[in-house]
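None of the figures in this text is laboratory data; all of them are computed from the coordinates on show. Here the structure is a predicted model, which is why all the values come from computation and not from measurement. Note that we place each Cβ from the backbone using ideal geometry, even for glycine, and neighbour counts take in every protein chain shown.
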Amino acid sequence: MAQLTVQKIALTGITPTYNVAAVAGDTFVNNGKTFLHVKNGGASPITVTIDSKVLSNYGTDVDVVVSVPAASEKIIGLFDAVRFDDSFGIANVTYSAVTTVTVAVISY
């Protein structure tokens, strides 16, 4: 897993830097005001999964699973820190495929 750099939104705007999605998934520091911008440049849809660290009220692990259509992009988040962070404030994301997939982590 690669740790992605969180990019802060500025009043004057930012030009996000995108990273190639890692085969084993990625991690990022999450402050509860963080989102992912996922770009799928491929010819097939992909699934992005954000790992939930806390069981639901029913005792089940409810990860967030988002489909990103082929040749499309999605902005995913915000991620509640209590639900998605490990004890170090790190959240995990995995992808069903990574060929032509790039991702940016943005926070305010």
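Values computed for the structure shown
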read-out	value
Bridge type composition, the chain - antiparallel percent by DSSP, nearest 5	80
Computed lengthening from Asp86 to Asp63, 0.36 nm per intervening residue step minus Cα-Cα distance	6.9 nm
The stretch 81-98 - phi-based ³J(HN,Hα) in whole Hz, Karplus 6.51/-1.76/1.60, Gly and Pro as x	4, 5, 7, 10, 8, 7, 5, 9, x, 10, 10, 10, 9, 10, 10, 6, 7, 10
Label-to-label distance, nm, for residues given as Ser56 and Thr12 (7 Å Cα→Cβ offset)	4.5
Residue-averaged 222 nm ellipticity for the chain, from DSSP H runs of 4+ at -39500 (n - 2.57), nearest 500	-500 deg cm²/dmol
Label-point gap, in nm, between Thr47 and Ala71 - each point 7 angstrom along Cα→Cβ	2.4
